[in-house]
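A.B. asks: Quick one: this structure, given as structure tokens, is what I'll be asking you about.
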Amino acid sequence: MASTASPQKIDWRQEWFEFEGATYLNVAGESPLPKVSIRAVQAALEAKRFPHTKPDSVFFEVPERLRAGIAKLIGAKPEEIALTTGASTGVQAVAYGMQWKPGDEVITAKGEFPLQYTTWKPMEEREGLKVKVVGASGRFPKAEDFLAALTPRTRLVSASLVRFDDGSMLDAARLADGCHKQGALVLLDVSQACGGLPMNVKSLGADFLVCAGYKWLFGPFGTGFFWIKSEHLAAVRPAPFYWMAVAGSHNFAELNFEDPKPGASAKRWDAPEWASHFNFNLVGLDASVEFVQRMGVETVAEHNHALIEMMFERLPKDRCVAASPLERAERGPYGCFVARTAEKTKALYEKLRQENVFVSLRENKIRVSPHLYNTERDIDRLISVITA
């Protein structure tokens, strides 16, 4: 479980640089690096000028500290964490690692983030899988929609915990329980939740998590992680792996060249040549994950829910409609709305950008994703542009 925030009142806005007159409400698109992460990257750049001053042990310090930090954030074990370049890397690890038979089914949802299709559709030709795309029975996808599509051939359900296009959140525990009863596994993309909502792998019940690091974890672009439940490690298919995942690789002088085997951990899926002290992206993510823990994920979630509820209350009802669940338990750390037509929604989005209010336009919905550097004044600014 994520650590709780300090009880004292902190002005977290001071932890980022000024937005120079902009109202930035787009963490779900790309988060701004906090000052502490920029300083960490600058220090790593300086260290690269004189690599002879660093012992070999430094090579492992940042990756292992980051692995432990992510594990703490999601209630996992460090050895279950692979350091990747984004969410897609983890989904591909599952695709190539599972034992498939022709006719096995993978279920995902209509309108999912594209990585679901770019991973699983090619596997139909490669492995003879059948990819089933289920629609929502109501306004938003529910666990029951996936469970209703299960058959004896279903091996995996692959979906987002929080949808990128409407902010709706799956009941992951309900989904995992129903899938496991029928022998299917669950993969969740938590890119739009991890760091923005409290989460624990035990309560989620999933078998695999994938996550991009440049959104709610405040890391650089090209960062992320993959979590695999320990009990699945022994069942994955043999495959090429990162050379530093070899058992005993911490000793460069005694590497196993004859018959290298990966250690009993997720490290085999670390992005090759990426997970080291001298990777500047990794250093930035390490500092950012520690920063997220210091803020407290519960603090972030409460702050964002309050701002989004304020936004929904103040939207002009004659022009705009909420496009996300109104109940906190069914919504991620952001909210979406639409104008009365797709054309008016796009025009409103362009108007906001012209007025230096930065949000996202996703699937004809305006997505508003604040953070601790935002206040009620930023929501007031958003509403004032909409109603002008």
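The values are calculated or read from the model by the stated rules, or taken from the named source; none is laboratory data. The structure presented is a predicted model; accordingly, all values stated were derived computationally and were not measured. Note that we place each Cβ from the backbone using ideal geometry, even for glycine, and neighbour counts take in every protein chain shown. Ligands, DNA and RNA are stripped out before the accessible areas are found, and what is left, the full protein with its side chains, is counted by its heavy atoms. Shrake-Rupley method; radii C 1.70, N 1.55, O 1.52, S 1.80 Å.
A.B. asks: Within the bounds of the range 238-249, is there any residue that is loosely packed, with under 13 Cβ neighbours inside 10 Å, modelled with pLDDT of 90 or more and either within 28 Å of PRO34 (Cβ to Cβ) or not hydroxyl-bearing (Ser, Thr, Tyr) (or both)?
C.D. replies: no
A.B. asks: Something else about it: Any residue at all in the range 218-228 that's within 17 Å of GLU112 (Cα to Cα) and open to solvent by 10 Å² or more (accessible area, probe 1.4 Å)? If you could, list the steps in order and put the result at the bottom.
C.D. replies: Going through the range 218-228, the residues within 17 Å of GLU112 (Cα to Cα) turn out to be none.
No, because not a single residue in the range 218-228 is within 17 Å of GLU112 (Cα to Cα) and open to solvent by 10 Å² or more (accessible area, probe 1.4 Å).
A.B. asks: Quick check on LYS132: is it part of a strand (DSSP E or B) and either open to solvent by 10 Å² or more (accessible area, probe 1.4 Å) or modelled with pLDDT under 95 (or both)?
C.D. replies: Numbers: part of a strand (DSSP E or B): yes; either open to solvent by 10 Å² or more (accessible area, probe 1.4 Å) or modelled with pLDDT under 95 (or both): yes.
Considered against the rule, which asks whether it is part of a strand (DSSP E or B) and either open to solvent by 10 Å² or more (accessible area, probe 1.4 Å) or modelled with pLDDT under 95 (or both), LYS132 comes out as yes.
A.B. asks: Only one of LEU45, LEU115 is more than 25 Å from ASP165 (Cα to Cα) and not small (Gly, Ala, Ser). Can you tell me which? Reasoning before the result, please.
C.D. replies: Numbers: LEU115 fails: more than 25 Å from ASP165 (Cα to Cα).
Just a single option satisfies the conditions, and that option is LEU45.
A.B. asks: Within the bounds of the range 136-148, is there any residue that is open to solvent by less than 10 Å² (accessible area, probe 1.4 Å), more than 20 Å from the chain's Cα centre (by Cα), of a type in the set (Ser, Thr, Tyr) and over 18 Å from LEU115 (Cα atoms)? Can you show your working first?
C.D. replies: So the first thing to find is which residues in the range 136-148 are open to solvent by less than 10 Å² (accessible area, probe 1.4 Å), and the list is 143, 146.
With more than 20 Å from the chain's Cα centre (by Cα) added as a condition, the list becomes 146.
Then keep just the ones that are of a type in the set (Ser, Thr, Tyr); that gives none.
No, the range 136-148 contains no residue that is open to solvent by less than 10 Å² (accessible area, probe 1.4 Å), more than 20 Å from the chain's Cα centre (by Cα), of a type in the set (Ser, Thr, Tyr) and over 18 Å from LEU115 (Cα atoms).
A.B. asks: Let me ask something additional. Take the conditions of a type in the set (Val, Ile, Thr) and free of Cβ contacts under 8 Å to residues at least 24 places away in the same chain and apply them to ILE38. Does it pass? Can you show your working first?
C.D. replies: Values: of a type in the set (Val, Ile, Thr): yes; free of Cβ contacts under 8 Å to residues at least 24 places away in the same chain: no.
Taking the combined requirement at face value, the residue does not satisfy it.
A.B. asks: Turning to a different aspect of this structure: From the set of residues in the range 167-190 that are part of a loop (DSSP other than H, G, I, E, B) and open to solvent by less than 10 Å² (accessible area, probe 1.4 Å), which is nearest to GLN99 (Cα to Cα)? Don't jump to the end; show me each part of the working.
C.D. replies: Just the residues of the range 167-190 that are part of a loop (DSSP other than H, G, I, E, B), to begin with: 167, 170-171, 182-184, 190.
Among the residues that remain, those that are also open to solvent by less than 10 Å² (accessible area, probe 1.4 Å) are: 167, 184, 190.
Numbers: GLY167: 33, ALA184: 13, VAL190: 24 Å.
In this case the residue turns out to be ALA184.
A.B. asks: List every residue pair whose Cβ atoms sit under 9 Å apart, with the two residues 6 or more apart in sequence or on different chains, where the first one lies in the range 95-118 and is at positive phi and the second, anywhere, is in a loop (DSSP other than H, G, I, E, B) and crowded, with 17+ Cβ neighbours inside 10 Å.
C.D. replies: Here the result reads GLY103/LEU129; GLY111/PRO141; GLY111/ARG163; GLY111/ASP165; GLY111/ASP166, each pair linking the range 95-118 to a residue that is in a loop (DSSP other than H, G, I, E, B) and crowded, with 17+ Cβ neighbours inside 10 Å.
Yes/no per residue for (1) hydroxyl-bearing (Ser, Thr, Tyr); (2) closer than 28 Å to PRO114 by Cα; (3) in contact with a helix residue (DSSP H, G or I) (Cβ under 7 Å, 6 or more places away or on another chain):
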{"residue": "GLY263", "(1), (2), (3)": "no, no, yes"}
{"residue": "MET310", "(1), (2), (3)": "no, no, yes"}
{"residue": "ALA322", "(1), (2), (3)": "no, yes, yes"}
{"residue": "ALA342", "(1), (2), (3)": "no, yes, no"}
